[in-house]
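Undergrad: Sharing a structure with you now.
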Amino acid sequence: MRLVVKLLLCIICFGVLSAETFTDDFFIIKNSAAQKKEFVKRMLPLIKKANENIINERKIVEAFFETYQNGGNLTLIDNKTAEIMQNLAKKYNIDSVENSKEFKSKVAPVPISLALTQAAIETGWGTSRFFKEAKNAFGQWTYSATNGLVPQSREEGKTHKIRVFNSVQDSVSSYMLNLNRHTAYNDFRSLRFLLGDEFNGLTASSKMLNYSQTREKYVKLLRQVMINDKLIRYDYL
């Protein structure tokens, strides 16, 4: 299982935070078309990096189950590999390290066009206060007493805040983990598992009903932005 350890080192390397991509020069852009173009240019590598981390985790999972299934029992797995798999199971809310189907359903990349489109919508193409101040690209909430920005339009009686991230990269990774483990996106993961390589952003958008309180309207908006701004092409580059 040396491959697993090598892949873990790759994840650690990819996980090292790079310099912040959305620096002050982005936020002074006034032209709408130029801003959209620059938003995609800067967001795209962050999405790709987060997906590469997931793909490396996926390789660990596949290597583990190849050894486990061929050997027939967990005693063939070294302690380090067992620890890595336990950590992945905890990360992705998986009850058993022996559950091959659930691992392969949850540990998988997110369509680039879906992530780009949702980031564009949730941040107004990078113009929102929460994107600039909280580095939050996907409107993720928190109920922490110490972390978060209070929405100016929050309804009376509500207690949620907009989560603050250390970097936009952290926000992207958190968004993908949310789609990959939260029960609200079971249908998203089931369809991805079923379609495999044929799964793309447009297909995935139909399973985003639970991402927004506007539900069907949100799905319709996702598809409009994805098509009108030609973001679907990033799934095939």
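Undergrad: Within segment 135-146, identify whether any single residue is of a type outside the set (Ser, Thr, Tyr), more than 16 Å from the chain's Cα centre (by Cα) and at pLDDT below 95, and answer yes or no.
TA: Among the residues of segment 135-146, at least one is of a type outside the set (Ser, Thr, Tyr), more than 16 Å from the chain's Cα centre (by Cα) and at pLDDT below 95, which makes the answer yes.
Undergrad: I need the full set of residues from segment 100-125 which are outside any helix (DSSP H, G or I) and of a type in the set (A, V, I, L, M, F, W, C), in order please.
TA: Val107, Ala108, Val110, Trp125
Undergrad: Is it fair to say Asp187 is out of contact with any Leu (no Cβ under 7 Å at 6 or more places or on another chain), among the acidic types (Asp, Glu) and closer than 20 Å to Leu44 by Cβ?
TA: Answer is no for this residue.
Undergrad: If we scan segment 173-192, do we find a residue that is touching an Asp or Glu at 6+ places or on another chain (Cβ under 8 Å) and either in contact (Cβ under 8 Å) with a residue 12 or more places away in the chain or buried (at least 16 other Cβ atoms within 10 Å of the Cβ) (or both)?
TA: No, segment 173-192 contains no residue that is touching an Asp or Glu at 6+ places or on another chain (Cβ under 8 Å) and either in contact (Cβ under 8 Å) with a residue 12 or more places away in the chain or buried (at least 16 other Cβ atoms within 10 Å of the Cβ) (or both).
Undergrad: Something else now. Across segment 87-103, which residue is surrounded by the most Cβ atoms within 10 Å (Cβ to Cβ) among those that are modelled with pLDDT under 95 and within 12 Å of Phe64 (Cβ to Cβ)?
TA: Out of the qualifying residues, it is Val97.
Undergrad: Could you please let me know if Val219 is hydrophobic (A, V, I, L, M, F, W, C) and modelled with pLDDT under 95?
TA: So Val219 fails the test.
The values are calculated or read from the model by the stated rules, or taken from the named source; none is laboratory data. Model, not experiment: these values are computed from the prediction. Note that each Cβ is placed from the backbone with ideal geometry, even for glycine, and that neighbours are counted across all protein chains shown.
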